[in-house]
């Protein structure tokens, strides 16, 4: 899971999702976007998942959670 934490994210074959890597203070993270089934331009949920040497973190929120906010929150966590 450390090398591919996105495998922890449940995705059904009918789900409309987007996945990309993002740069974090501690390395890379995986950002996943769940799109509205009826309007594929509307994001319903954003999930950011990343790992450090001894744990995996996941941050998820509705459409008010922006990429910048999720990344800032992840970078603010004391991950020693």
- Does residue 68 satisfy the condition of being over 13 Å from the mean Cα position of the chain (by Cα), closer than 19 Å to residue 17 by Cα and surrounded by fewer than 16 Cβ atoms within 10 Å (Cβ to Cβ)? no
- Looking at this structure, is residue 76 exposed (fewer than 11 other Cβ atoms within 10 Å of the Cβ), out of contact with any helix residue (DSSP H, G or I) (no Cβ under 7 Å at 6 or more places or on another chain) and modelled with pLDDT of 90 or more? yes
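The values are calculated or read from the model by the stated rules, or taken from the named source; none is laboratory data. Remember, it's a predicted structure, so these values are computed and weren't measured experimentally. No Cβ is skipped: glycine too gets one built from the backbone with ideal geometry, and neighbour counts run over all protein chains shown.
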